[in-house]
Structures are given as structure tokens and as C-alpha cells.
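First up is the structure itself, then whatever we jot down about it.
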Amino acid sequence: MSKEILEQLKTSLLELDMEATLKAANSAVKGEGTTTAQDAVNAVSDALQVVGKRFQTGEWFLSELVYAGEIATEVMKLLSPLMKADSSKSLGTVVVGTVAGDIHDLGKNIFINYARSAGFNVIDLGVDVPVPKFVNAVKEHKPLALGISCLLTSTDKEIGRVIEELKRQKIRGSVKVIIGGAALTEGFARSAGVDAFVPDAVTGTDIVRKWSASQ
Amino acid sequence: MNFKERILTAMNHEEPDRVPVMGLIVDPATVNKTLNKKPTDLVGMIKKPWLAPLIARFMNTNRFWQSFYYSNTAGCLESALKLGFDANWTIYALMQLRKDTKSALGWAWHDAYGRVWDLDTDEDGNTAVNYSRALLETEEQWERWVEAKKPLFQTLTRNVEGFHKKLVKNYGDRILPIGYAAPGIFENSWQPMGFVNFTRFVYQKPDFVKKVISFHTDHYLKNLEAVMKSGVEVVLGGDDFGQKTGPMLRPELIEKLFGESYRRVTDLVHKQKKKYIHHSCGNIYQLLDRFVAWGFDGIITLEPTAGMDLGKVRQQVGHKLVLIGNMDVSYLLVRGSREEIEEAVKKALRDAARGGGYILSSSHSHPLVDPARLGWMVEAAHKYGKYPISL
């Protein structure tokens, strides 16, 4: 029974069937069979990894990536209250935000969905984040990575300002910086002195996972 | 050949005297740099609490927007003329300056369709306007909005006609204005509700999505008709179907949702013996064959930073589409050397210009694009783009 529920959860999510996925998650919450909330979270995480791969190989498209993330978010609303905080299982902390002057959050939120499902503790600073807030969050949470999103060419200089301030406060070496967003390119990333530029949220999650593994 | 013959010959996949050059200049930063004009500090004025409501009262009239967009686009065409372009596209919209607590400035432009556009200033003091979020997150909000804005949509269509007539009258003997109807049917459908909501509605409320698309298709067709009454020869629809790595929606879904709409668009344009160019950013290889089937005459941007390669595109579609753009705006036209620009132009000509059907252009408008480098691009086109191409 447990195995069936978890299989149903995963299959429904991969069929982008919100109703069936939530039904399976509810069965898990009720403890049908021997399923635990952690088992259900793991099934969601497995399913999202498949979604991510499908997106990266071009089999799936942005709308499917977004909707799978939305279904996962709804499922996690059911499961999260039942989970005990267990930081030992986290792959690490990632601080994420959109630069000052920019309030776009689509790419950032997709990344958060996927990174959380992959097992990261994600601190979401939101949008329009000033430089000091990024830097203070690095000091406070000592994250593995700092993710910065930027969609506007008028605000891409903010990334350089964050890097400069991290250097000035002598904490640049303590955190990897990853950036993504429509305004950015590989060339920009090189000139800004960040550790990685990613074209999409799934690749971003993969890179942070590699950084976590190599720690 | 004059500018018009050059563009229209290339649009017919025949070889003109030399490869035509088209501008995508719509950015005030590029216009001001080209014409040596000082920017107007709109954001600085709005930041003054006592002044902002007065500006709003002044701006929120039809007369203001008619004059604002005409003078902006006239500036774009003046810049394009100064740089030696054969054509440039035009932009018309209808905004309202509204108090908006979610915007950093406390004020934002709300457009007729339900989008919020944030206002900011770039480092040179030019106003930067960017789509930031949606106003219509539920079906009920959308229904109420379109009902309430009916008179505004009618005004918009009337304005579009007058705007283009004036441009054609004042510039049509010197440069080809590429007419612009409105934001595209896909963008007008999803941006006012946000991409996440749109995606949810696609799966959960397909009839509502169909209704939204049908509404925007009808509105778009009315605007197109209005644009074509001005006498423009070529119209451009701006609708970004792509993102950096591929189409935003599954191509089959794009066909299902928007195929009929765009077939109606091209039918209307072709009945009037005009040409339809489609602007789509992003990686759109998987959509090119559909665009051909929908009847598009040309495709513009072919964004190199999203992996679009002119040679590959030409190989894929042959001469079924006129290809426009592909000159990089992330580095080449911002900081590239004269030699690098010359090489890029030569490569574009080799890849796409034989037999006509190619119009040289930047891949997008961009505030950092340097007019001097646009000038080098035009010089290279004149030097190497004479037909027959012998590169």
C-alpha cells in the first residue's frame, strides 16, 4: 500500500495532475499503509528531479516546469507541518533574492521550489533586495551559495555591487555566488566575478548540488 | 534602389542592390545618444511627492499619450535615419500613471491590458520602463477589467491608426516605418495575469484561457487593420514565444492555443497585400516550421544569446521566412571592436543573405547599444553587402 501511494504521488505529479497528486499526498498524510511524510517528500523530490531532467533535455517546456513546481508547492503545504526540522539531512543553505530595482520573481521561485525539493534549506530574501540585505544574510546564515536573480539590464550592475561588498567585508571566499535571469550572460558573469551563471533554474539546482557534494 | 525598394525586394526573397538594414531602436537611451539629446528625468520628478500627482493628472489623458508616443517614435525614426537604416519599427501603447505601493517608486505605469510597468532611471538618466507584474490574477478580475476598459481599447485602436498615419506622412518618404499593432496575442494573454497563473489556468480552466485568447485575437486584428489603414507596407507583431533554452510552452500547445489566431492575423495582412514580420525573443528553433505554416513572412530577433544561429535557421527554413536580426546586443554592439562587428556582419551575410530574404539588424533594442557601433554595422553592410554577395 505504501509503495502504491508513493508511486501514485510520483506518477500523478509527472502527469501534471494536481488533483490526483494532492489525493495521494493526503493518503500519505493520513498515514495509510506505513507511509511517512518524509517518504512522501522524497517521492516529490524524485519526481521533480525527473521533471528537471526532462526540462534540461528539451523534452519538457517552461510551463510544464512551472506547473510541476506549483503542484509540488501545494503538496509541500500538506506535508511540511508534519516534518520535523532535521538540519542534518539538508544539503546546505542557499540564500536567494532578486536584485534591488527588480521585482521579477518567476525564475527565482522556480529555483526555490526545485532547490527545496532537492534537499536544500533555502532562505528567500524576496525581490528588490538591497546590497546590505544580501550581505547580512550571508553573514547570518553562512550559506553554501548565494543565488542572485536579475531580469533587467538596468539593474544588472547591482550584482557587481553585491560582490564588491562581500569582498569589502572579507566574506566573498566563504560563499559561492550563482546568478541567473534574462538580463545576464556568461560574459557578464565572468566580468562580475561570480562563480556560475545558469540559463535556467534546474541547471542552477544541479550546480548547487555539485557544490554541496564537493564540500 | 531606395530604402523602400530595398526592403520590399528582400522581403520577396529577391536580391536588392545591397542588403537592407533595419533598426529596432525604441530605447530612449539609444535615441538620446544618437541625437545628442539630454534625457528627461521623469523618475526624478515623480519622486517629488508634491509633483507626482500633478504629473499623473497631466499624463493620464489621451492627448498626452498620443503626443508622447508620437514624439518618442519620431525620435526613434530620426535616430534610424541618422544611422542610415532603411527601416525602423514603431511602438504605440496606452498607459496610466498610477499610485502603486508594490513598486519601489510608489508609482507605476498600468497599461490598458492589465500589466504593471516599473519606472526606473539608467546610469545616464534615461527612463527605463520594464514589465514587472500582473494586475489580473483571477478570472473575475480579468472579466471586470476588460468590461471596464472597453472604451480604452476603442481609444487605443483609434490612436494606433492616427499615430501610424502621422508617421507615414512625416517620415514615409525617407524611411520605412514598420507598423506595430500591439503586444502580441500570447503576451497579452499571459502577462496581465502572470505566467504562473496563466499556466495554472491552461491546466485548470482551459475554457477561460480560450476566452482570453479569443478576446485578444479580436482586439489585435482590429489594431492591425487600423495600422494598415496608414499605408505601411510591412507590419510587425511582437510576441515572445521563447526563453533562453526553448519555447515557453510545448509547441503542440502553442499550436492548439494560438495557431488559429495567428493564421487569422496573416490572412488579414496578406489580403491587403502587406507583409507580416514576427518578433520573438528566445530559442525558437522548434517553432520556426509552425511560423512558416501560420503564414509569417519574416522573423526578427534571432537572439544569439539564446543560441539562435543564422546559418542553422536558414538551413532549417530555407527561403520560406525572411530572416532579420541576430547582431548581438550583449557584447558586440555594446563594446565590440570595429573588426569584430565587420566580421559578424560578414558572417551574417554569408549565412543568410544570398538570394535576398535577409535584413541586417541588431537582435534587439537595448539601452547599452552604442550608436557608433550601430554605425559601424551599417558601414560594414554597405561595404560587404552589395549584391551579388561575394564573401
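The values are calculated or read from the model by the stated rules, or taken from the named source; none is laboratory data. Note that this is a predicted model, so its numbers are computed, not measured. Quick reminder, even Gly has a Cβ in these numbers, built from the backbone with ideal geometry, and neighbours come from all protein chains shown. For accessibility, only protein heavy atoms count, side chains too; no ligands or nucleic acids. Shrake-Rupley method; radii C 1.70, N 1.55, O 1.52, S 1.80 Å.
Restricting A:L106, A:L78, A:L151 to residues that are over 13 Å from the mean Cα position of the chain (by Cα), open to solvent by 20 Å² or more (accessible area, probe 1.4 Å) and under 30 Å from B:G106 (Cβ atoms) narrows the list to A:L151. Report yes if some residue within the stretch B:2-20 is within 19 Å of B:V234 (Cα to Cα) and of a type in the set (F, W, Y); otherwise report no. Within the stretch B:2-20, one or more residues are within 19 Å of B:V234 (Cα to Cα) and of a type in the set (F, W, Y). Filtered by the rule that a residue be in a strand (DSSP E or B) and of a type outside the set (S, T, Y), the stretch B:271-319 gives B:K275, B:I277, B:H278, B:H279, B:G298, B:I299, B:I300. Of the residues making up the stretch A:57-70, those that are closer than 16 Å to A:L106 by Cβ and more than 9 Å from chain B (Cβ to nearest Cβ) are A:L65, A:A68. Of the numbered criteria (1) in a helix (DSSP H, G or I); (2) closer than 24 Å to B:H364 by Cα; (3) touching a Leu at 6+ places or on another chain (Cβ under 8 Å); (4) not basic (K, R), the one A:G187 fails is (3).
Every residue, every condition in (1) within 23 Å of A:G107 (Cα to Cα); (2) in contact with an Asp or Glu (Cβ under 6 Å, 6 or more places away or on another chain); (3) small (G, A, S); (4) part of a helix (DSSP H, G or I), yes or no:
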{"residue": "A:S12", "(1), (2), (3), (4)": "no, no, yes, yes"}
{"residue": "A:A25", "(1), (2), (3), (4)": "no, no, yes, yes"}
{"residue": "A:A28", "(1), (2), (3), (4)": "no, no, yes, yes"}
{"residue": "A:E32", "(1), (2), (3), (4)": "no, no, no, no"}
{"residue": "A:F55", "(1), (2), (3), (4)": "yes, no, no, yes"}
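Whether any residue in the stretch B:61-75 is open to solvent by 10 Å² or more (accessible area, probe 1.4 Å) and assigned to a loop (DSSP other than H, G, I, E, B) is what I want to check. Checking the stretch B:61-75: at least one residue is open to solvent by 10 Å² or more (accessible area, probe 1.4 Å) and assigned to a loop (DSSP other than H, G, I, E, B).
All told, B:N197 meets the bar of being more than 17 Å from the chain's Cα centre (by Cα) and buried (at least 18 other Cβ atoms within 10 Å of the Cβ).
Scanning the stretch B:322-373 for residues being surrounded by fewer than 24 Cβ atoms within 10 Å (Cβ to Cβ) and touching a Pro at 6+ places or on another chain (Cβ under 7 Å) gives a total of 2. Every condition in (1) at pLDDT 95 or above; (2) under 30 Å from B:N36 (Cβ atoms) is met by B:H110 except one, and the failing one is (2).
When you go through A:A196, A:A182 one by one, which is the residue that is open to solvent by 30 Å² or more (accessible area, probe 1.4 Å), more than 14 Å from the chain's Cα centre (by Cα) and within 18 Å of A:F111 (Cβ to Cβ)? It would help to see each step written out before you state the result.
On the way: A:A196 fails: open to solvent by 30 Å² or more (accessible area, probe 1.4 Å).
Matching residue, one of A:A196, A:A182: A:A182.
Taking the criterion of being outside any loop (DSSP other than H, G, I, E, B) and open to solvent by 40 Å² or more (accessible area, probe 1.4 Å), the residues of the stretch B:200-220 that qualify are B:R200, B:Y203, B:Q204, B:P206, B:D207, B:K210, B:K211, B:S214, B:F215, B:D218.
For B:Y131, the conditions (1) surrounded by fewer than 19 Cβ atoms within 10 Å (Cβ to Cβ); (2) in contact with a helix residue (DSSP H, G or I) (Cβ under 8 Å, 6 or more places away or on another chain) are fulfilled apart from (2). When B:D27, B:D41 are checked against the criterion of being exposed (fewer than 14 other Cβ atoms within 10 Å of the Cβ) and closer than 16 Å to B:P367 by Cβ, B:D41 stands alone in meeting it. Filter the stretch B:103-143 down to the residues that are closer than 22 Å to B:N62 by Cβ, in contact with a Leu (Cβ under 9 Å, 6 or more places away or on another chain), within 12 Å of another protein chain (Cβ to nearest Cβ) and not aliphatic (A, V, I, L, M) and list them by number. Selection gives B:T127 alone. Tallying residues that are within 19 Å of A:K53 (Cα to Cα) and among the hydrophobic types (A, V, I, L, M, F, W, C) within the stretch B:221-250 yields 2. Does A:E32 qualify as being open to solvent by less than 40 Å² (accessible area, probe 1.4 Å), among the acidic types (D, E) and more than 24 Å from A:H141 (Cβ to Cβ)? No, not satisfied. Within the stretch A:91-146, the set of residues being assigned to a loop (DSSP other than H, G, I, E, B) and either among the acidic types (D, E) or under 22 Å from B:V196 (Cα atoms) (or both) comprises A:G101, A:D102, A:I103, A:H104, A:D105, A:L125, A:G126, A:V127, A:D128.
Filtering the stretch B:221-259 to residues that are charged (D, E, K, R), assigned to a loop (DSSP other than H, G, I, E, B) and within 14 Å of chain A (Cβ to nearest Cβ) leaves B:D240, B:K244, B:R250.
Here is a yes/no grid of residues against (1) in contact with a Ser or Thr (Cβ under 9 Å, 6 or more places away or on another chain); (2) surrounded by fewer than 16 Cβ atoms within 10 Å (Cβ to Cβ); (3) in contact (Cβ under 8 Å) with a residue 40 or more places away in the chain; (4) more than 26 Å from B:M248 (Cα to Cα):
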{"site": "B:V146", "(1), (2), (3), (4)": "no, no, yes, no"}
{"site": "B:L156", "(1), (2), (3), (4)": "no, no, yes, yes"}
{"site": "B:V160", "(1), (2), (3), (4)": "yes, no, yes, yes"}
{"site": "B:N170", "(1), (2), (3), (4)": "no, yes, yes, yes"}
{"site": "B:D173", "(1), (2), (3), (4)": "no, yes, no, yes"}
{"site": "B:Y180", "(1), (2), (3), (4)": "yes, no, yes, no"}
{"site": "B:P183", "(1), (2), (3), (4)": "no, no, yes, no"}
{"site": "B:E187", "(1), (2), (3), (4)": "no, no, yes, no"}
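Within the stretch A:64-83, residues that are more than 16 Å from A:R54 (Cα to Cα) reach partners that are open to solvent by less than 60 Å² (accessible area, probe 1.4 Å) and among the basic types (K, R) with beta carbons closer than 7 Å, at six or more positions or on different chains, in the pairs A:E70/B:R200.
The rows are residues; the columns are (1) farther than 29 Å from A:D39 by Cα; (2) touching a strand residue (DSSP E or B) at 6+ places or on another chain (Cβ under 6 Å); (3) among the small types (G, A, S); (4) assigned by TED's automatic domain parsing to the domain that holds A:V44.
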| position | (1), (2), (3), (4) |
| --- | --- |
| A:G119 | no, no, yes, no |
| A:V127 | yes, yes, no, no |
| A:N136 | yes, no, no, no |
| A:A145 | no, yes, yes, no |
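Among residues of the stretch A:107-134 that are closer than 19 Å to B:N130 by Cα, those with a beta-carbon under 8 Å from a residue that is charged (D, E, K, R) and assigned to a strand (DSSP E or B) at least six positions away or on a different chain give the pairs A:K108/A:D124.
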